[in-house]
1. Does Ser127 count as over 20 Å from Asn210 (Cα atoms), surrounded by 15 or more Cβ atoms within 10 Å (Cβ to Cβ) and of a type in the set (Ser, Thr, Tyr)?
2. Return only the number of the condition from (1) without any contact (Cβ under 8 Å) to a residue 24 or more places away in the chain; (2) within 16 Å of the ligand (Cβ to nearest atom); (3) part of a strand (DSSP E or B) that Glu112 does not satisfy.
3. Tell me which residues, restricted to the stretch 73-83, are surrounded by fewer than 15 Cβ atoms within 10 Å (Cβ to Cβ) and of a type in the set (A, V, I, L, M, F, W, C).
4. Would you check which residues across the stretch 11-70 are closer than 26 Å to Thr81 by Cα and β-branched (Val, Ile, Thr) and list them?
5. Quick one: how many residues across the stretch 189-204 are without any contact (Cβ under 8 Å) to a residue 60 or more places away in the chain and within 13 Å of the ligand (Cβ to nearest atom)?
6. Restrict the check to the stretch 254-262 and report whether at least one residue is farther than 28 Å from Pro66 by Cα, more than 12 Å from the ligand (Cβ to nearest atom), loosely packed, with under 13 Cβ neighbours inside 10 Å and of a type outside the set (Lys, Arg).
7. Tell me yes or no: at least one residue of the stretch 195-207 is within 14 Å of the chain's Cα centre (by Cα) and either assigned to a helix (DSSP H, G or I) or among the acidic types (Asp, Glu) (or both).
8. Here are some residues: Asp107, Asp178. Which one is of a type in the set (Asp, Glu), without any contact (Cβ under 8 Å) to a residue 40 or more places away in the chain and in contact with a Leu (Cβ under 7 Å, 6 or more places away or on another chain)?
Amino acid sequence: MDEKILKLLRERSPDFLSGEEMSQRLKVSRAAIWKRVRGLRSLGYEIEASTRSGYRLVRSPDLLTPAEVKPLLKTKWLGKTIHYFESLDSTNSTAYQLAMEGAREGDLVIAEGQTRGRGRLGREWFSPPFLNLYLSVILRPKIPLQQASLITLMAAVATSGAIERFSGLRPSIKWPNDILMSSRKVAGLLNEVRSETDRIHFVILGIGVNLNVDRREMPHEVQKMATSLKEEMGQTVSRKAFLQSLLSELEKGYTLFLKEGGEAILKTWRERARIEGKEVRVTSFGETLVGRAVGVDPYGALILKTRGGERKRVVAGDVQYRIKQAPNNKRQIRDKFQ
Ligand code: BT5
């Protein structure tokens, strides 16, 4: 009902819409409409009410409800169904459950906040409510399992593209799932796959973007390495406008990937990641490798040349870049990575 009321008010905005007309069009009593208008006001909608003229929408809050988000969407299929929650433990966990129950490709799970937002390998994603973006997309790609990692790379390209379009600033990508601005993490991706032998049932693509969170509000260990779009741009960001931009980029990237294959994605990924030649330390399945990054292969795995000259292929792990040091300090300071 709220969605329908808002739709009518928006259509008529900036003019008034009479309570009489609304009740006829929605086939409910005028008292029921007044009750819902009061409910909407408590959510932060500014709705002017006049006994003579009816109702007028003055301002909407920056919520991510379907009523707020759907009118903005420019996508063809992504986000046509939005599962919205004020709070969830993790949008990925809920999306996984919904996908198990048959949710379709393009269905979206959004939460205003997460109580147990997840990173990779059991790590946590700091998810304060009403400030940032936490979403999971259900995808059902008909691709071989070994190509599933390319979806993370595709999403990294789409997320950094959306940030750039939105802010005019150029973020970079750190393999495999970090988006950085000023060398700090502004967004992270969590890709979870359910498959059987070589067949993918679904992929849950989880994206967290720090939009309006203040770094000082972050836990100490996160603060050191994180930033938000607001910090980088120096102004508050409209979450729903950013979401619209992100979903458009994701739909475009995924469609391109399915049509033309991984290379179409990797080309832009390489430009944004610039990992070739960087000295890195990689931790993967308990093993630490130090060497020079050669690049990523057609499946999105990281190729590394170790200091011993060995070529290694890393499918999952954490990367740190070597920090450059002044030449005269080279012998005194041990290798430093961040
Ligand atoms: C990630 O893991 O970067 C994946 C993050 C994915 C989050 C989204 S939100 C929507 C969806 N639902 C979920 O439950 N998750 C996804 P990883 O590479 O493991 O990085 C985690 C590490 O980043 C933590 O150990 C912290 O050091 C740091 N971190 C935690 N919260 C952060 C934040 N808000 N911003 C920047 N860094 C953060």
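The values are calculated or read from the model by the stated rules, or taken from the named source; none is laboratory data. Predicted model, so just to flag it, every value in this text is computed and none were measured. Cβ sites come from the backbone with ideal geometry, for glycine too, and all protein chains shown count toward neighbours.
1. no
2. Tallying (1) without any contact (Cβ under 8 Å) to a residue 24 or more places away in the chain; (2) within 16 Å of the ligand (Cβ to nearest atom); (3) part of a strand (DSSP E or B), Glu112 fails exactly one: (1).
3. Trp77
4. Val28, Ile33, Val37, Thr65, Val69
5. 2
6. Looking for residues that are farther than 28 Å from Pro66 by Cα, more than 12 Å from the ligand (Cβ to nearest atom), loosely packed, with under 13 Cβ neighbours inside 10 Å and of a type outside the set (Lys, Arg), one finds at least one in the stretch 254-262, hence yes.
7. no
8. Every option except Asp107 fails the conditions.
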